[in-house]
1. Which pairs turn up if I take residues in region 329-351 that are modelled with pLDDT of 80 or more and look for partners that are among the aliphatic types (A, V, I, L, M) and not in a helix (DSSP H, G or I) with beta carbon separation below 9 Å, at least 6 apart in sequence or on another chain?
2. Under the condition of being within 17 Å of Lys79 (Cα to Cα) and either surrounded by fewer than 15 Cβ atoms within 10 Å (Cβ to Cβ) or basic (Lys, Arg) (or both), which residue from region 10-27 is modelled with the highest pLDDT?
3. Do we have Met278 as within 16 Å of the ligand (Cβ to nearest atom) and assigned to a helix (DSSP H, G or I) here?
4. Among the listed residues Ile47, Ile93, which satisfies the condition of being at pLDDT 80 or above, farther than 20 Å from Ser222 by Cα, under 22 Å from the mean Cα position of the chain (by Cα) and buried (at least 16 other Cβ atoms within 10 Å of the Cβ)?
5. Which members of region 218-245 meet the condition of being farther than 22 Å from Val101 by Cβ, among the aliphatic types (A, V, I, L, M) and buried (at least 21 other Cβ atoms within 10 Å of the Cβ)?
6. Going by what's in this entry, would Glu57 be described as more than 16 Å from the ligand (Cβ to nearest atom), charged (D, E, K, R) and either buried (at least 16 other Cβ atoms within 10 Å of the Cβ) or farther than 30 Å from Val27 by Cβ (or both)?
7. Ile138: among the β-branched types (Val, Ile, Thr) and either more than 16 Å from the ligand (Cβ to nearest atom) or not in a loop (DSSP other than H, G, I, E, B) (or both), yes or no?
8. May I ask you to verify whether Lys127 is in contact (Cβ under 8 Å) with a residue 24 or more places away in the chain and surrounded by fewer than 18 Cβ atoms within 10 Å (Cβ to Cβ)?
Amino acid sequence: MFDNLSEKLDKAFHVLKGHGKITEVNVADTLKEVRRALLDADVNFKIAKDFTTKVKEKAIGQNVLTTLQPGQLMVKLVKDELTELMGGDAAGINLSGNPTVILMSGLQGSGKTTFSGKLANYLKTKKNKKPLLVACDIYRPAAINQLHVVGGQIGVEVYSEEGNRNPVEIAQNAVKHAKANGYNVVIVDTAGRLAVDEEMMNEIANVHKALQPQETLFVVDSMTGQDAVNTAKAFNDRLNFDGVILTKLDGDTRGGAAISIKSVVNKPIKFIGTGEKMEAIDVFYPNRMADRILGMGDVVSLVERAQEQYDEEEARKLQKKIAKNEFGFDDFLNQIQQVKKMGNMKDLIGMIPGAGKALKDVEIEDDAFKHIEAIIHSMTPGERSKPAIIDAKRKNRIAKGSGTSIQQVNQLLKQFDQMSKMMKMMQGGAGKNLMRMMGG
Ligand code: GDP
């Protein structure tokens with residue numbers, strides 16, 4: 001899904017790689033690439049422009065955050081903006097009617113009939129509803145047959161009236177039938193055309209007026225890009241629909257429709273279709289879609305957690321200590337506490353793109369720092385600030401006190417020594433380095 005866009009956005013962020021700070025220049029370069037990626041994905045020009053302007057303003061304003069890697073910060077800003085653009089929070093579906101009437105609209109071939117079946121199946125299996133499907137396409141007998149086939153697959157009754165040329169009447173009769181037979185959701189599949197035309201619009205507008213549905217959903221093929229947005233606009237002008245269904249997101253879609261549609265019609269995307277099977281339906285979550293578009297695993301949450309824990313003042317103090325060669329085990333312990341506050345090891349590793357997959361067979365302890373902490377706690381304050389005084393006798397005592405072995409104590413001392421040297425060399429602040437080691 002959106003492979004091309006993901007790849008291009010990823011390239012855009014590379015512009016910032018190697019820069020220590022976010023500056024107006026490298027932000028502008030990156031955003032130029034982001035804008036190009038969006039346009040290539042068939043996102044509306046004005047939307048792409050507004051998008052990058054907003055991200056730019058936020059990026060320049062984030063002085064405090066210059067300590068984090070700028071590339072990642074930009075990813076986060078772009079992700080937040082993408083999420084916002086696609087609707088912020090997930091929109092639910094209104095099932096308050098008795099029965100609830102859901103009217104499906106959209107062009108022929110958009111996936112309306114397929115989605116009607118998917119939605120019926122979803123409501124039946126996930127929401128414990130008793131849905132009725134209604135075939136209202138009076139022009140194409142094949143469409144009515146198709147709905148019957150779909151209904152048969154999922155075990156949902158399909159209401160149709162052979163020979164009746166009045167869609168309003170069929171729909172009204174179907175609602176009566178539903179009331180009389182205990183159906184609590186009525187999903188009305190309507191006739192589509194290959195392009196927007198007046199006759200079709202009038203017809204569906206009449207059905208809409210007569211039924212007063214709780215939900216009017218507009219189904220659109222995500223492969224159609226900018227066209228999808230224009231069609232959505234035409235339907236919304238007539239029907240003032242409640243939500244959008246994006247189908248065929250499993251295909252080689254560029255992503256433009258998903259990104260643009262909400263801001264053009266100001267209606268949320270409620271569900272997505274991701275295949276031809278009846279189970280290929282997902283509730284649309286803007287933030288998860290943004291993650292997918294950015295191909296970033298959940299690194300965004302990881303960066304957020306790092307931001308939450310990062311204390312500028314503390315980092316500066318630490319930097320001074322390192323410069324004066326005063327970084328001791330107490331500081332180390334402190335750093336471990338900071339990292340631990342971000343979440344457990346398994347959780348954190350799972351957020352690093354690729355790492356979760358690469359390490360899926362490796363046993364990771366929930367509390368990976370347990371032994372290290374125990375060893376440090378068994379040291380005297382003097383030993384913590386001047387590890388050099390820890391001789392064989394002291395090592396023995398520490399190992400006993402912490403319930404570890406002399407080898408483990410030795411290993412930690414050696415690691416600490418190497419780390420101190422490395423930090424002194426880099427002079428970059430322990431927090432930053434630790435975050436980096438954590439995959440930042
Ligand atoms: P309608 O004319 O709007 O009722 O569209 P249909 O439901 O008949 O769908 C048109 C074609 O798109 C059919 O071949 C469907 O199998 C296919 N289709 C519908 N939804 C999806 C989807 O989410 N993914 C894929 N790959 N194909 C879909």
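The values are calculated or read from the model by the stated rules, or taken from the named source; none is laboratory data. It should be emphasised that the depicted structure is a prediction, and the values quoted were computed from it without experimental measurement. When we count neighbours, we look across all protein chains shown, and the Cβ atoms used for this are built from the backbone with ideal geometry, even at glycine.
1. Sorted first by the residue in region 329-351, then by its partner, the pairs are Phe329/Met379.
2. Filtering first and then ranking leaves Lys11.
3. no
4. Criteria check complete, one pass: Ile93.
5. Ala228, Val229
6. Judged against the criteria, Glu57 is not a match.
7. no
8. Yes; evaluated as a whole, the condition is true for this residue.
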